[in-house]
1. So for the range 311-327 (the condition being in a helix (DSSP H, G or I), farther than 21 Å from residue 247 by Cβ and in contact with a helix residue (DSSP H, G or I) (Cβ under 6 Å, 6 or more places away or on another chain)), does at least one residue qualify?
2. Grab the helices (runs of 4 or more DSSP H) fully contained in the range 121-240, keeping just those with 2 or more residues being in contact (Cβ under 8 Å) with a residue 60 or more places away in the chain.
3. On the given criteria, is residue 280 closer than 26 Å to residue 132 by Cβ and either in the same structural domain as residue 24 (by TED's automatic domain parsing) or surrounded by fewer than 22 Cβ atoms within 10 Å (Cβ to Cβ) (or both)?
4. Here are 163, 137: which of them is modelled with pLDDT of 95 or more and assigned by TED's automatic domain parsing to the domain that holds residue 236?
5. Look through 6, 106 and report the one residue that is farther than 23 Å from residue 213 by Cβ and touching a strand residue (DSSP E or B) at 6+ places or on another chain (Cβ under 7 Å).
6. Return the residue satisfying two criteria in turn: it lies in the range 72-96 and is in a loop (DSSP other than H, G, I, E, B) and either touching a helix residue (DSSP H, G or I) at 6+ places or on another chain (Cβ under 8 Å) or not assigned by TED's automatic domain parsing to the domain that holds residue 16 (or both), and of such residues it is surrounded by the most Cβ atoms within 10 Å (Cβ to Cβ).
7. Being outside any loop (DSSP other than H, G, I, E, B) and under 22 Å from the mean Cα position of the chain (by Cα) is the filter here, so list the residues in the range 32-71 that pass it.
8. Under 6 Å between Cβ atoms, which residue pairs at least 6 apart in sequence (or on different chains) link something in the range 1-26 that is at pLDDT below 95 with a partner that is more than 12 Å from ligand 1 (Cβ to nearest atom)?
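The values are calculated or read from the model by the stated rules, or taken from the named source; none is laboratory data. For clarity, every value in this text was computed on a predicted model and none was experimentally measured. Heads up, the Cβs are rebuilt from the backbone with ideal geometry, glycines too, and the neighbour counts pull from every protein chain shown.
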Ligand SMILES: NC(=O)C1=CN([C@@H]2O[C@H](COP(=O)(O)OP(=O)(O)OC[C@H]3O[C@@H](n4cnc5c(N)ncnc54)[C@H](OP(=O)(O)O)[C@@H]3O)[C@@H](O)[C@H]2O)C=CC1
Ligand SMILES: CC(=O)N[C@@H](CCC(=O)OP(=O)(O)O)C(=O)O
């Protein structure tokens, strides 16, 4: 009998699911035992993803909770918003560990979820069970838990950039402005005008201005860390590239601090955490420097004229922003080193 943890992936035919497969294939303690599709059961996964030819031989399974229970120990849910709210409770009830990468269990308030996501919220009893898996901030809560809500891609980049300064009480939390940009893969594999080459190539646009569903998620976590309500201005943009998020964050400081003090604060906060790298003074990260990896790289610049701190935070949206952080959370849940199966270098150039 295999001693490996058996993993099933729902939404295996999407970008998040396929990235999870790539990462789990080389994970030393995990074996993929079921790749699941709601619309294409019976077909080989590699039919839709020829890059997996001769690597993943499995045919897609249908969604069948009993079968998933027989075949696996942990289930990754990588389905669109509004699916996990119904499915995760059933999977939890049969004793499976669950890691959901959608937004269905990130917000504590069902009412807030409904307002921003326009879907019916999950049962509050299950919302209360979900641990928010921002690994570098809430890793202690993730350890030993069995149900993780994986953070959104923009919130991961933005919160890792903001939490140290907010937690320290140095930030004027009423002044936070986040200007974030994403590659097009963030929208998934589904076709739409924004995924259309002629629409996106040579283009750069803002979308969901003041309406983005990640706004309340960022505010919820900052509120928790600050111990007071926080509201932010958050604008998202699409960039004509495939992977990557760059979040530019502006925040006023309550008192004078030097750039060296701030860089030290961030280095101390993330000490011992493998996946957050703080750039040295005067250097800022680019998305290509984390491409295909689980790193979040952060650069800090204090403008002494305005007393405003500019924070630049980059991730690969599908790795640290989805599948990579989900595997990191699995590692923490299981008591394994958090970098197990993730300790690879970004692809460059
Ligand atoms: N792309 C990214 O950068 C990130 C994505 N996410 C989240 O991950 C989730 C998946 O996103 P992504 O992979 O990009 O999206 P995709 O559109 O690429 O894939 C979603 C997959 O979900 C499956 N699906 C559709 N309807 C259902 C259903 N009713 N029940 C079960 N499965 C269904 C589809 O496969 P099939 O029809 O075969 O079942 C599809 O392949 C989303 O919630 C997204 O918000 C989170 C962070 C970053
Ligand atoms: C470029 C793009 O469209 N990005 C998506 C990212 C959200 C997403 O799909 O992921 P979460 O699970 O993190 O919400 C968006 O803005 O809605």
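1. yes
2. Correct list: 135-142, 153-167, 215-226.
3. no
4. Going through 163, 137 in turn, the sole match is 163.
5. Testing whether each residue is farther than 23 Å from residue 213 by Cβ and touching a strand residue (DSSP E or B) at 6+ places or on another chain (Cβ under 7 Å) leaves just 6.
6. 78
7. 32, 35, 36, listed by residue number.
8. Correct list of pairs: 2/31.
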